[in-house]
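The values are calculated or read from the model by the stated rules, or taken from the named source; none is laboratory data. Quantities reported herein were computed from a predicted structural model and do not represent experimental measurements. When we count neighbours, we look across all protein chains shown, and the Cβ atoms used for this are built from the backbone with ideal geometry, even at glycine.
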Amino acid sequence: MSRDDYIEVKDRIALFVEKYPNGSLQSEYEMVTVLDHQWLIVKAWAYRDPEDPRPGIGHAWEHVPGRTPYTIGSELMVGETSAWGRALAAIGIAVSKSIASKDEVKAAGNWEKSKRVPEDDSFYSPAPEPAAAASSEDTYTPSPGRYATPKQLGLIKGLARDAGFKTDEQVLGLVNAALTAAGLTPVSMLGQLARVDASKAIEQIKNSTTVEGFVSGG
């Protein structure tokens, strides 16, 4: 399906107003934190009239700050537009081809082209190439393949938490001890961990007699 097969939100709104002249679009938002990332969640309602008991409901979320030149500084507007488009789709406005709006498809395309994604991001794959090292002390290049998945990072943090390691520095120390034991290069942040290296680190940690002894070399 090409981008031309999708409907822009502004066109959905125009069709909505034409069909429901007494209708209205409402929205609200909240900020949440997921794996140390800030996200703006927008919920929207499409009321066909002031007494509509079952309005169309749509959701969208945007990373804050935005990751592309098209979203940074406009996170709320972008999220609200997407949520409105899905709320309108929920009541059948311009959904003959797709629920996703042309705005969403365009944003997704801009995301793929953008290089503004931080190298510690674990939500999108394939991950971008790491930025150039700032100094000789930060020259790590991930192994070929994608970065560690949120599931892998969650498992690592769970193993560390069970062993009493709570701070980011302690978790990173555990990971680097595991990488060293596996003959791999330590990392300066968890976001640099390649998926294949994460698997080997998890295996090393699980196979150690105790996590504490593993980190101390016992």
Checklist line | Any hit, region 44-57, residues being modelled with pLDDT under 90 and in contact with a strand residue (DSSP E or B) (Cβ under 7 Å, 6 or more places away or on another chain) | finding: no
Notebook entry, point to check: Just one of Gly73, Gly66, Gly92 is of a type outside the set (Lys, Arg), closer than 30 Å to Lys157 by Cα and part of a loop (DSSP other than H, G, I, E, B); which is it?
Noted result: Gly66
Next item on the list: Report, ordered by the first and then the second residue, all pairs with beta carbons closer than 7 Å, sequence separation of six or more or different chains, a first member in region 82-102 that is of a type in the set (Val, Ile, Thr), and a second member that is modelled with pLDDT of 90 or more and not in a helix (DSSP H, G or I).
Entry: Ile91/Ala46; Ile91/Arg48; Ile91/Gly56
Notebook entry, point to check: Which residue pairs have Cβ atoms closer than 8 Å, lie 6 or more positions apart in sequence or on different chains, and pair a first residue in region 12-28 that is in a loop (DSSP other than H, G, I, E, B) with a second residue that is surrounded by 15 or more Cβ atoms within 10 Å (Cβ to Cβ) and charged (D, E, K, R)?
Noted result: Tyr20/Arg48; Asn22/Arg48; Gly23/Arg48; Gly23/Asp52
Check: Can you name the residue in region 169-218 that is farther than 16 Å from Ala148 by Cα and of a type in the set (Asp, Glu) and, of all such residues, is modelled with the lowest pLDDT?
Finding: Glu212
